[in-house]
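First up is the structure itself, then whatever we jot down about it.
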Amino acid sequence: MQTILAMGCWGWGLLIAGVIYLGIFLWSRSLKIPPWLFLRPLDTPGTWRSLGKRVGDAGYPLPHPNQDALFKPSPRNRKIRQLPGDAGRLKSFGMPVLNSTDEVLRWLGLDFRAFLALADPTNRIRPGKSNYIEWSVPKKRGGLRIICSPKPRMKSVQRKIKEGILDRAPVHGAAHGFVRDRSIVTNASAHVGKSLILNLDLRNFFEHVRYPKVVGIFRWLGYNSEVSRCLAQLCTYQPNLGPVNMKGGVDDSVKFVWRAFRHAVQGAPTSPVLANLAVHRMDRRLSGAAKRFDATYTRYADDLTFSGDEPFKRGMIRFLPIVKLIIREEGFSMNYRKTRFMRPGERQEVTGVIVNEKTNARREDYDRLKAIIHNARKTGTLESQNRNQHPDFRSHLLGRVGHITRLNPSRGEKLLDAMRNL
């Protein structure tokens, strides 16, 4: 009797397991995910880390950031379609027309072996070696900011991509960071004298500009799939975060840091422009939402600012959920600790500039410079105040005074007069 009951339990268990696997199989087919993915560990080469739907610019699945997709599709990724480019669109932007990996290499002045050493999508060409120098900088509110500075050869290649392609791409009018003839002052001047200012911050901004999104950017500019993946491999990197190499040596307190996806890293010349292009559609959507609520929208890197008068204040209870939804749908996340509402009765500050009645410098910045110049006059030398060991402290100080002069000319002239006597 017990044997019969045990066999019945086993039968029911196998039936339930079969139904579950059938459901997963049908669900995976609807999302175009290979069913064998669920039978392999996520760290196995060739699998995706995320079980969610990862779709590129034209609705086709993109490969895992570590998967070598520069060559002909293998049987494992044969469903990746090779989409054609748009030469007319590239010519309208003034960008070079590149139709294959060979043309990209000729344009960059690289041979195929050098290209593999620089792109190295699977870390198989030069295992244990990197084209970047990594270190970390502590954030003001805790945590570490990972900086990845490319080595000279990699930096020269990225600069050519930036100057020849990315700098010629159209940027949304709301973007003021990393854009020529725009600055923190132009970003702040759009919000002068408003009744309410809302400031939001995107969390881990550059880490969300991942390899699939960068491929989509080059596809949007007009390059075909092969060239887009080739350029994206040269513009992205997966940092080695464990342990993190500090400037003073290895920091043992951060040995177990989450290994980020391949993304546009901070420190690369191409990353700021790629970040602006990655949020181009989000800027359009947020600008449209702000216009509907009679508000003004600007963005400086990961710092989003909205401002308006009474209609904006009355609609805030409906406006904020819309903004959060747009940010989430575009693949970014908010840093809720940095959300601020600023009214006329308090100091309204946008990207370090006071905007209550006019653009003005912060009082503590002016007082700090005034104290440095006063102490230098007492000691008789300016180098006595160079506590951070700047190589050219006078030029550094003149740059800070010039920023004050641009925002408040009268205070800036006082500081310049005091420096002339040094």
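Can you give the net charge of the other residues whose Cβ lies under 13 Å from the Cβ of Met342, counting K and R as +1 and D and E as -1? Walk me through the intermediate numbers first.
Values: positive: Lys194, Lys313, Lys338, Arg340, Arg343, Arg347; negative: Glu346, Glu349.
So the environment of Met342 carries a net charge of +4.
Could you pull out the pairs from Lys91/Lys213; Lys155/Lys213; Lys338/Lys358; Lys213/Lys313; Lys291/Lys338 whose alpha carbons sit more than 29 Å apart here? Too far apart for the 29 Å limit: Lys213/Lys313.
Heavy-atom surface analysis with a 1.4 Å probe gives the range 126-198 a carbon and sulfur content of 51 percent of its accessible area.
Segment Ser395..Leu15, full-extension length gain: 129.1 nm, with 0.36 nm per residue of separation and the alpha-carbon distance subtracted.
What net charge do the residues around Gln385 carry, taking every other residue with its C-beta under 11 Å from that of Gln385, with Lys and Arg at +1 and Asp and Glu at -1?
Charge balance in the 11 Å sphere: +4.
So, R0 is 25 Å and r is the distance between the beta-carbons of Asn99 and Arg281; what FRET efficiency does that work out to, to 0.05? After rounding, the FRET efficiency stands at 0.45.
Find the eigenvalues of the gyration tensor of the Cα atoms of the range 91-170, then list the square roots of 5 times those eigenvalues as equivalent ellipsoid semi-axes, largest first, in whole angstrom. All intermediate terms of the calculation are to be shown ahead of the outcome.
On the way: eigenvalues 158, 82, 17 Å².
Value: 28, 20, 9 Å, ordered largest first.
Protection proxy ranking of 263-272, 377-386, by the mean of other Cβ atoms within 10 Å over each peptide's residues and highest first, is 263-272, 377-386. Using the average count of surrounding beta-carbon atoms within 10 Å as a protection proxy, the listed peptides 102-112, 286-296 rank, highest first, as 286-296, 102-112. Summed over the residues of the range 252-377 and divided among them, the accessible surface reaches 50 Å² per residue at a probe radius of 1.4 Å.
Can you list, largest first and rounded to whole Å, the semi-axes you get for the range 138-230 by taking the square root of 5 times each eigenvalue of its Cα gyration tensor?
Values: eigenvalues 169, 78, 43 Å².
Semi-axis lengths for the range 138-230 are 29, 20, 15 Å.
The calculated FRET efficiency for the pair Val185 and Glu364, based on their C-beta separation and a Förster distance of 22 Å, comes to about 0.75.
The values are calculated or read from the model by the stated rules, or taken from the named source; none is laboratory data. Note that the structure is a prediction, hence the values are computed from the model and not measured. Positions of Cβ are backbone-derived with ideal geometry, glycine not excepted, and every protein chain shown enters the neighbour counts. Quick note on the areas: whole protein, heavy atoms, side chains included, nothing else; ligands and nucleic acids left out. Shrake-Rupley method; radii C 1.70, N 1.55, O 1.52, S 1.80 Å.
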